Structure formats: C-alpha cells, structure tokens
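Working notes, beginning with the structure itself.
Rule-based calculations on the coordinates, nothing more; no lab input. Bear in mind the structure is a predicted one, so any value in this text is a computation, not a measurement. Because the Cβ atoms are built from the backbone with ideal geometry, glycine has one as well, and the counts that use them run over all protein chains shown.
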Amino acid sequence: MSEIPISITALGGSYTRLWAQFSEFPTRIEVAERIRIFKPRTLANMDCQGRGPAGRQTIGGKICYPREQVVLWFAGQMKKPKKRACLPASPEPRTIRINLLTRPLSGTLSKEE
C-alpha cells in the first residue's frame, strides 16, 4: 500500500480510513458501495455535470477515479453546519393568544353569586 498523501491526512482520521479502503483507481460502483450516499448512476450524472471527482479515466471499459481525488471530492461534498445566531432576550414578555370557548362546558365552570 502506498503512503497516504498529506492532502488526505490534513482532512482527518475518517478520511484517512476512507482513503485506505479504496483501490488505487476505484470504479464508480466501488465509490458508490464505499460511500453509500450516491448510487453509481447519480455519480455518473454528477460527473457529466462537472460536479464529480476530478481525474476521471477509463480503464478496461469502466470509469475510474484516482482515490485521492475521490476522497478530496467527498470531503468537499460534506456540508458544514451553519452557525445559528442566538436571538437577543426580549425586554417584554411575549403575548400569547388563547382561544376561549364562547360557552363554558356544562358543569366545569360555574359562577358563585
């Protein structure tokens, strides 16, 4: 097995493990089986639109990608959670509207006179 590139080790442990699972030039089917997010056809469509892994090659009639490019592409696909701004505390309490019954239910509310 070859040495792990610095670009992959910089991404962190889970990407290093993913890199180690792939062959040198994984096929679309292998990429789809390992990543388990995209089907091979989805990956083909993304590739056609220019959104797939870089370095596509045809080997033995199958589309393959360099494994470093697959891992870098996959890392780029992962969305980072957006930071949500906390709302400032409101100075006044909120008003809550309550729908009241127009007629009280029999026997539940009674006025003592």
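Results, tabulated for the structure shown:
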{"item": "Odd one out for Glu68 among (1) in contact with a Gly (Cβ under 9 Å, 6 or more places away or on another chain); (2) surrounded by fewer than 17 Cβ atoms within 10 Å (Cβ to Cβ)", "result": "(2)"}
{"item": "Residue that is nearest to Gln77 (Cα to Cα), among those in the stretch 22-66 that are of a type in the set (Asp, Glu) and assigned to a helix (DSSP H, G or I)", "result": "Asp47"}
{"item": "Candidate set from the stretch 26-62 (those that are crowded, with 19+ Cβ neighbours inside 10 Å and touching a strand residue (DSSP E or B) at 6+ places or on another chain (Cβ under 8 Å)); member that is nearest to Glu3 (Cα to Cα)", "result": "Pro26"}
